[in-house]
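Engineer: Let me give you the structure first, and then I'll get to my questions.
Bear in mind these aren't lab numbers, they're just calculated from the coordinates by the rules spelled out. Just so you know, these numbers come straight off a predicted model, no measurement behind them. All Cβ positions, glycine included, derive from the backbone under ideal geometry; neighbour counts span all protein chains shown.
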């Protein structure tokens, strides 16, 4: 941990969460146990309560929800910049964009995350802001409250929907104003200038500070249009050169500023780095910062290059020929599979190993099976030790045995942004690839335990162990329904005997009604094969080890979602979506009208095809593991990703049956519809 961010002796490092909704506070607190296991989380309801809590807890990170807006936010931040100059701020707000993060230059005190947000983006931001402070080769805008400036305050007023005046003071006694009406910039004054030119002038001022004041209703309006457009144009027009950005700027004497103290400890800047070359491609700035920090800390000799888009990343790979590419699937221009295929078509880049990192697990897995240069995957969100271990292992293995076949490689539409097909929609993959990719577990840290990455030979040394998580102390936060679970991380790599580790607590019983389409009888007139389809849109989930009478933590019911199949046509993952409706009541029926009788000559079996009147309906029971939990913008369960324990299921006429009741069948194959949902499945009797 950087020296400037170390806590006083006898205290634990902390995070202060300012969140008025108890449900969201509980959810974020639960997430922070995963992403900041060595920090205590303290919760207050408003900014008015945060000052005294900060004085007592000395937080290293403020997480503030500005949706709804927080009153007196700028005055609070000005006070915190003096009292806690080395702390950082993560602002949860609506109305920002990726362009805002990419265009803000220099060191900024506030990092914004758009609401609603993905858990992976939130985790990356937290880990980047609390992680090691290394010398960035790619550049980033991460700073501390010491660096609070107009690039923080102007967007904060906008996303807060303020109707106010931001009164500005800078060195040399200069003053100016930026006016807001309901979050839109409507007027600016600076050095005798008005409007857009004044806004540009204000952003050129160094060491400028602002305070909020009331706006006179009769004030003029000299700026029209969306605030982001004008603000981004001002940022581009006033961006200093790279040399000016690197030069330290002392605080102006005429502007109140905290006394100087050392910045966070940085890795010494080396003239040349001779280690392995890695290109990281992702459109989330905080994740790029986090990945670069973690890998540079583990091995300072690594040569790390980052890119925001697929086309930019592919071009850098073609020039640098790196030893490894870390690639997101969902990028603003190209999909991850398109980047992989572009690399495969170029003989110079075809043997560069690619590790995909994405929250789009089915699409990522499908790409891993289809593209031979994808040697591993890791599901977002992930933690530092998991990433370092995977990168270490991949670099040790070296390039994959890729055969370049230009005549066989499909030419993808929308290869470059701006092409004729650039605006075509992205089809979703189902993961029905040909290349088997097996999975290796990543251990989840147990409560109050110190975990450490495995110690293996260079090129990457093991990262330092992280202290255990602690429970919040400032305000009791009780878990709310639905429960927030930490999704286990999934690393995919060629490993002949790997399985995903799970605990009994993550095992569930899936109950699904099915309608029989046909039944095959063996020559001994035993049921051999059943062909069926789901008879209901909802299903039930119960915990495998649920206590009698206990409430089901997964809620009333779930709807069938997308399914990913492996190369054998078996279900690899099944997504289910919570619904407020209870699971459909399954009315089983053990007979059906026979529409047709066939003799299957190859097996001498008799096949009975069901009619549409009074169909046979049965209950299918399967044991699954909860492989991941996808959260909504309010940190509620949006989807569960389930993995069947095996291809074996049980069929029963008892709609309330447990997992051990019924006749055992083996899943032979599964057919999907155009939405990647189960259309039909074929079951073979285990006793036949």
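Engineer: What spacing in nm lies between the two simple spin-label points modelled at residue 181 and residue 526, each 7 Å away from Cα in the Cβ direction?
Structural biologist: A separation of 8.2 nm, rounded to one decimal place.
Engineer: Between residue 102 and residue 213, what is the spin-label point distance in nm, taking each point 7 Å from the Cα along the Cα→C-beta axis?
Structural biologist: According to this spin-label approximation, the distance is 3.8 nm.
Engineer: So for 42, 229, fewest C-beta neighbours within 10 Å to most, what's the order?
Structural biologist: Fewest-to-most Cβ neighbours within 10 Å comes out as 229, 42.
Engineer: Still on this model: How much length would be gained if the chain were fully extended between residue 206 and residue 117, taking 0.36 nm per residue of separation minus their Cα-Cα distance, in nm to one decimal?
Structural biologist: Additional length available on full extension: 28.8 nm.
Engineer: Quick one: if the Förster radius is 45 Å, what FRET efficiency do residue 661 and residue 598 give, using the C-beta to C-beta distance and rounding to 0.05?
Structural biologist: Values: r = 31 Å, r/R0 = 0.70.
Once the sixth-power term is evaluated, E becomes 0.90.
Engineer: Also, I was wondering about something else. As an exercise, use a Förster radius of 41 Å and the Cβ-Cβ distance of residue 71 and residue 301 to find the FRET efficiency, rounded to the nearest 0.05. Before the final figure, lay out each step's value.
Structural biologist: Details: r = 49 Å, r/R0 = 1.20.
My answer for the efficiency is 0.25.
Engineer: Take the alpha carbon atoms of region 50-153, find their radius of gyration, then divide it by 2.2 N^0.38 Å using N residues; give the quotient.
Structural biologist: After normalising by residue count via 2.2 N^0.38 Å, the value is 1.03.
Engineer: Calculate the FRET efficiency for residue 83 and residue 229 from the Cβ-Cβ distance with a Förster distance of 35 Å, rounded to the nearest 0.05.
Structural biologist: Values: r = 35 Å, r/R0 = 1.01.
Once rounded, the FRET efficiency stands at 0.50.
Engineer: Additional query: Obtain the radius of gyration and the Kirkwood radius of region 149-252 from its C-alpha atoms and give Rg over Rh. Don't skip to the answer; put the middle values down first.
Structural biologist: Working: Rg = 13.3 Å, Rh = 13.8 Å.
Result for region 149-252 is an Rg/Rh of 0.96.
Engineer: Provide Rg and Dmax in Å for region 91-229, with only Cα atoms included in the calculation.
Structural biologist: Cα only, region 91-229: 15.8, 49 Å (Rg, Dmax).
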